[in-house]
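The values are calculated or read from the model by the stated rules, or taken from the named source; none is laboratory data. Keep in mind the model is a prediction, meaning the values are calculated, not measured. Cβ placement follows ideal geometry from the backbone for every residue including glycine, while neighbour counts extend to all protein chains displayed. Side chains included, ligands, DNA and RNA excluded: accessible areas come from the protein's heavy atoms. Shrake-Rupley method; radii C 1.70, N 1.55, O 1.52, S 1.80 Å.
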Amino acid sequence: MTVQSQTRPSEQQAPAAGPSRRRRRRIGDGTRSFAATVGLLVLLGLLLQAGGALGWWPGSTLPKPSDVVPIALNLLGDPTFWGDFGRSAVEILGSVAFGVTAGLLIGVLFWKMPGVGRVFEPYLVAFYSVPLVLFYPMLIVMVGINVWSVIIIGTVMAGIPMAVNTWVGLSGIRPVYLKLAKSVGCSQVQTLVRVALPAAAPMVFAGLRLGTSYALIGVIAMEFTTAQAGLGYRIRYLYESFETPHMYAYVTMVLVIAVILTAVLEIGERVVAKRSGR
């Protein structure tokens, strides 16, 4: 007599329900986060509009959103804006590309050589807390007043969080994963690409998002300080010219760029997570 194994309905449905629940949870979390962000922005806009209309602060100091938004929309047809945007885009993308690449390589190096990581970790963290604008005069002497002086600063600002997060993520991998990869004959490169980096993907993406944010901050700050072109330079120029509504219009466009970059990185992170089965 043969005995047939029977499973409860709940056990049969669990494998299929688990991934779907995770997908619904990710979609729900993303939707709630987006809705909360939009709600906060709308609330802030209404507060600024009401405060300006009621005279809580001078319009020359903080104009109403109804005065700033039309100017910001008109910038989309202004060649001057696109020239400044192109300069800043080159500097931001260059800083992110160089910084993320260098940070990823440094993080992998520290992981493969823990002794080197322990030696350089205090200096890396300490350098991260130093205002990098202090090195800008030296860079001007070395490379001149051009895009490269700004890109170098942005690269350093993007590279440090990328290196630290990559190192922490790789160091937190369970040893059993690496032993399994070695047991099936994976080379060091295959282990890194197919096992280590996917396992450390959450921390790596956190470093990428931080690095991109800091690169944007560094580029705009450097342009505001000494550059002769770019969105940061234009904000400073409009500030010094007392063109407050136009200045806030440029600030609004910078905020829009930051939001778009954050959204693109979040979508990329979800795509990678979906493909890796997390």
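In table form, for the structure just shown:
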{"quantity": "Cβ-Cβ under 8 Å pairs, at least 6 apart or on other chains, region 131-146 side hydroxyl-bearing (Ser, Thr, Tyr), far side modelled with pLDDT of 75 or more and open to solvent by less than 50 Å² (accessible area, probe 1.4 Å)", "calculated": "TYR136/SER149; TYR136/ILE153; TYR136/MET222; TYR136/THR226"}
{"quantity": "Residues of region 173-196 classified as under 30 Å from LEU216 (Cα atoms) and open to solvent by 60 Å² or more (accessible area, probe 1.4 Å), total", "calculated": "1"}
{"quantity": "Check on ALA102, among the aliphatic types (A, V, I, L, M), out of contact with any Phe, Trp or Tyr (no Cβ under 6 Å at 6 or more places or on another chain), assigned to a helix (DSSP H, G or I) and open to solvent by less than 50 Å² (accessible area, probe 1.4 Å)", "calculated": "yes"}
{"quantity": "Output for region 223-245, where each listed residue is surrounded by 23 or more Cβ atoms within 10 Å (Cβ to Cβ) and either assigned to a helix (DSSP H, G or I) or more than 24 Å from the chain's Cα centre (by Cα) (or both)", "calculated": "GLU223, LEU231, GLY232, ARG234"}
{"quantity": "Matching entry among ALA163, ALA89 (being open to solvent by less than 80 Å² (accessible area, probe 1.4 Å), touching a helix residue (DSSP H, G or I) at 6+ places or on another chain (Cβ under 6 Å) and of a type in the set (A, V, I, L, M))", "calculated": "ALA163"}
{"quantity": "Output for region 115-131, where each listed residue is in contact with a helix residue (DSSP H, G or I) (Cβ under 8 Å, 6 or more places away or on another chain) and over 15 Å from SER213 (Cα atoms)", "calculated": "VAL116, GLY117, PHE120, GLU121, LEU124, VAL125, PHE127"}
